[in-house]
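See below for the structure under consideration.
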């Protein structure tokens, strides 16, 4: 119960002033605490990857690895901490992170608390041959997402090498008033 009160106070503290036909009271917004990782993955906004999949398949290496590694039945709020909340016209944008800061997600909720969309902001995959990392920064009410691909340059195979940045991509993602993510560039 204390956690619920604490999270609600964070939610209320981070909201912008209501706009348009939004509820007049911040207490009118209560996000769905029952969402699972399956729900988050099912509503994942795809960001273009380094090796695009077949046409019409909205996945890349980072989003695909994140999706396949998640235990779908795990409750989202058991694993993530809320960093910030911002009010949009007809939606709520909340940013969450893992306690160890290894993963971050932005989720949008309707004003009745239902999940609209999710965006993977920070995550990494790889092994001793390659590494792909996603990071982000906040920018003009949205996010600047960066995907970086590193490959191992062997000095003495297989015991000594260094990761070398091979490719880097940047995307600007905005959030509209209805809680949907859009790529701007």
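The values are calculated or read from the model by the stated rules, or taken from the named source; none is laboratory data. Predicted, not measured: the structure shown is a model, and the values here were computed from it. Note that each Cβ is placed from the backbone with ideal geometry, even for glycine, and that neighbours are counted across all protein chains shown.
Couple of notes before you dig in:
- Extreme residue, modelled with the lowest pLDDT, among residues of the stretch 40-64 that are surrounded by fewer than 18 Cβ atoms within 10 Å (Cβ to Cβ) and in a helix (DSSP H, G or I): 64
So that you can scan it fast, the table gives a plain yes or no per residue for (1) in contact with a strand residue (DSSP E or B) (Cβ under 7 Å, 6 or more places away or on another chain); (2) surrounded by 16 or more Cβ atoms within 10 Å (Cβ to Cβ); (3) at pLDDT below 95:
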{"position": "99", "(1), (2), (3)": "yes, no, yes"}
{"position": "105", "(1), (2), (3)": "yes, yes, no"}
{"position": "112", "(1), (2), (3)": "no, no, yes"}
{"position": "116", "(1), (2), (3)": "yes, yes, no"}
{"position": "122", "(1), (2), (3)": "yes, yes, no"}
{"position": "127", "(1), (2), (3)": "no, no, yes"}
{"position": "130", "(1), (2), (3)": "yes, no, yes"}
{"position": "135", "(1), (2), (3)": "yes, no, no"}
{"position": "140", "(1), (2), (3)": "no, no, yes"}
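- Subset of the stretch 136-158 [farther than 17 Å from residue 182 by Cβ, part of a strand (DSSP E or B) and either in contact with a helix residue (DSSP H, G or I) (Cβ under 8 Å, 6 or more places away or on another chain) or in contact (Cβ under 8 Å) with a residue 24 or more places away in the chain (or both)]: 146, 147, 149, 150, 152
- Meets criteria (surrounded by fewer than 18 Cβ atoms within 10 Å (Cβ to Cβ), assigned to a loop (DSSP other than H, G, I, E, B) and touching a helix residue (DSSP H, G or I) at 6+ places or on another chain (Cβ under 9 Å)) for residue 72: yes
- Answer residue from the stretch 93-125, given it is part of a loop (DSSP other than H, G, I, E, B) and within 13 Å of the chain's Cα centre (by Cα) and is nearest to residue 159 (Cα to Cα) among those: 102
- Residue within the stretch 126-133 that is in a strand (DSSP E or B) and within 19 Å of residue 44 (Cα to Cα) present: yes
- Looking at 161, 177, just one residue is over 13 Å from the mean Cα position of the chain (by Cα), modelled with pLDDT under 95 and either closer than 18 Å to residue 64 by Cβ or not in a strand (DSSP E or B) (or both), and that residue is 177.
- Of the numbered criteria (1) surrounded by 14 or more Cβ atoms within 10 Å (Cβ to Cβ); (2) more than 30 Å from residue 39 (Cβ to Cβ), the one residue 153 fails is (1).
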